[in-house]
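Participant: Dropping a structure here in structure tokens format, bear with me for questions.
FYI, it's all coordinate maths here, none of it is from the lab. Here the structure is a predicted model, which means the values were calculated and not measured. Every residue, glycine among them, receives a Cβ derived from its backbone with ideal geometry; neighbour counts consider all protein chains shown.
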Amino acid sequence: MIEEFKTFIARGNVIDLAVGVIIGSAFTGIVKSLTNNLINPLIGIFLGQIDLSNLKVSIGDATFKYGAFINSIINFFIIAIVVFLLVKVINKIVRKEPEVEEEPTPDLSEQYLSEIRDLLKEQAKKQ
């Protein structure tokens, strides 16, 4: 069982996934900073507020912080666009060459039949 676990961990997919998660979490921090420090103030200029995360509606004792929700939506779209562009670039770089299909080698009976056919054609030309 330990050997199976070692084989599982040593496969490239698991290591690639771990690296992807680590880079993804670091990238999320960058996107949050971009949203909070650059995009929100820009949107806030048009709405008259600088910080969207402070937008909220209170109904009775309940407070709905829709500004924080808007921030999360902006973060999601930024991450989705960047991931889409990265996948598109990686697909261009790692474009696989089309596989050339090799002509299947005929079996022995097909070889004999083609030889007989060729011999019959030669005999027909001689007559």
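Participant: In nanometres, what is the gap between the two model label sites at Glu115 and Ile30, each 7 Å from Cα along Cα-to-Cβ?
Facilitator: 6.7
Participant: Still on this structure, please answer the following. With a 10 Å cut-off between alpha carbons and a GNM built on the chain, which of Asp61, Asp16, Asp107 moves the most?
Facilitator: Most flexible of the set in this elastic network: Asp107.
Participant: Can you give the extra length, in nm with one decimal, that the chain gains between Phe77 and Phe8 once fully stretched, where that is 0.36 nm per residue apart less the Cα-Cα distance?
Facilitator: Residue separation times 0.36 nm, minus the Cα-Cα distance, leaves 21.5 nm.
Participant: Report the relative contact order of the chain, percent, no decimals, based on alpha-carbon pairs under 8 angstrom and at least 6 residues apart.
Facilitator: Details: 54 pairs, mean separation 16.6, N = 127.
For the chain, the relative contact order is 13 percent.
Participant: Continuing with this model, one more query. Can you pull the Rg over Rh of the chain, Cα-only, Kirkwood?
Facilitator: Details: Rg = 32.2 Å, Rh = 21.7 Å.
Value, to two decimals: 1.49.
Participant: Rank Ile15, Asn36, Ile78 by how far each Cα sits towards the positive end of the charge dipole of the chain (+1 on Lys, Arg Cβ; -1 on Asp, Glu Cβ) and give me just the farthest.
Facilitator: Of the listed residues, the answer is Asn36.
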